[in-house]
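Trainee: One structure, as structure tokens, below. Some questions next.
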Amino acid sequence: MQTFKHKRFSQWAKDESITDATLKTAVDELAKGLFEANLGGGLYKKRVPRSGQGKRGAYRTLVAFKQNHRSVFAFGFAKSERVNISATEKEIYKRLANHYLNATEDGIKQLLKIGELIEV
């Protein structure tokens, strides 16, 4: 399965010390059906732990996910920073999930080349 992160998510994850190994674990859990919410359109809410702590009260991520195909981490936030995303944000991220999950291999290569996506 291909796993990527959006460039803004990548910077946020770096600032929060969230490792690629942690993201890979989250994708493995998604593949097993372990997630907090299916937001529709291939977009899922998935908790990831703070370094050295558990998942409770840690980080929430929005992940475009299609089983045995591709996953893209699009957005993340600490639960202490905000309760949730707005309905408008949800619709934007659902459209983004659709775009990433249905992109061709050449399209993904182009997104990697221009730096919009980073491989995990």
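Read-outs: derived from the displayed coordinates by stated rules, not from any lab. Since this is a predicted model, take the numbers as computed values, not measurements. No Cβ is skipped: glycine too gets one built from the backbone with ideal geometry, and neighbour counts run over all protein chains shown.
Trainee: May I ask you to derive the relative contact order of the chain, considering only C-alpha pairs under 8 Å and at least 6 residues apart, and to give it as an integer percent?
Mentor: Averaging sequence separation for qualifying contacts and normalising by length gives 32 percent for the chain.
Trainee: Over the chain, what is the percentage of antiparallel beta bridges among all DSSP beta bridges, to the nearest 5?
Mentor: 85
Trainee: Who wins for biggest fluctuation among Gly76, Gly41, Gly33 in a Gaussian network model of the chain, springs between alpha carbons below 10 Å?
Mentor: Largest GNM mean-square fluctuation: Gly33.
Trainee: Per DSSP H run of n ≥ 4, the term is -39500 (n - 2.57); total these for the chain, divide by its residue number, and report the mean residue ellipticity at 222 nm rounded to 500 deg cm²/dmol.
Mentor: One gets -12000 deg cm²/dmol as the mean residue ellipticity at 222 nm.
Trainee: Here's another thing I want to ask about it. If the cut-off is a Cα-Cα distance under 21 Å, which lysines reach Lys46, setting aside same-chain residues fewer than 8 apart in sequence?
Mentor: The qualifying lysines are Lys5, Lys7, Lys14, Lys24, Lys32, Lys55, Lys66, Lys79, Lys90, Lys94.
Trainee: Then there's this: If you place +1 on the Cβ of every Lys and Arg and -1 on the Cβ of every Asp and Glu, how big does the dipole about the Cα centre of the chain come out, in debye to the nearest 20?
Mentor: It works out to roughly 280 debye.
Trainee: Around Lys113, under 13 Å between beta carbons, what's the net of Lys plus Arg minus Asp minus Glu among the other residues?
Mentor: Net charge in that neighbourhood comes out at -2.
Trainee: What distance in nm separates the two pseudo spin-label positions at Gln53 and Asn84, each 7 Å out from Cα along the beta-carbon direction?
Mentor: 2.2
Trainee: Net charge near Asn102: determine it from the other residues with C-beta under 10 Å of the C-beta of Asn102, scoring Lys and Arg +1 and Asp and Glu -1.
Mentor: The answer is +2.
Trainee: I need Val63, Val120 ordered by Cβ neighbour count within 10 Å, fewest first.
Mentor: Val120, Val63
Trainee: Under the rule of at least 5 residues apart or a separate chain, name every residue whose amide H is placed under 5 Å from the amide H of Phe75.
Mentor: Close amide H contacts, sequence-distant or interchain: Leu62.
Trainee: With a sphere of radius 9 Å drawn around the Cβ of Thr61, what net charge do the other residues whose Cβ falls strictly inside it have (Lys, Arg +1; Asp, Glu -1)?
Mentor: Charge balance near Thr61 sits at +4.
Trainee: Only helices at least 15 Å long along their own axis, judged from Cα atoms, and with Kyte-Doolittle mean hydropathy of 0.0 or greater: name those in the chain from DSSP H.
Mentor: Working: long enough: 20-31 (16 Å, 0.12); 87-102 (23 Å, -1.07).
Long hydrophobic helices here: 20-31.
Trainee: What distance in nm separates the simple spin-label points at Lys66 and Thr104, each placed 7 Å from Cα in the Cβ direction?
Mentor: The answer from the label model is 1.4 nm.
Trainee: Among Thr61, Thr3, Thr19, Thr88, which comes first, second and so on when ranked by fewest other beta-carbon atoms within 10 Å?
Mentor: Thr88, Thr19, Thr3, Thr61
Trainee: Under 1.5 on a/c is rounded, so check that first for segment 20-91, then, if it is not, pick prolate when a/b is larger than b/c and oblate when it is not; a ≥ b ≥ c are the square roots of the alpha carbon gyration tensor eigenvalues.
Mentor: Values: a/c = 1.96, a/b = 1.06, b/c = 1.85.
Verdict is oblate for segment 20-91.
Trainee: Expressed in nm², what is the orientationally averaged projection area of the convex hull enclosing the Cα positions of the chain?
Mentor: 6.9
Trainee: Shifting gears a bit: Most mobile of Lys24, Lys94, Lys14 per a Gaussian network model of the chain (Cα springs, under 10 Å)?
Mentor: With Cα springs under 10 Å in the chain, the top fluctuation among Lys24, Lys94, Lys14 is at Lys14.
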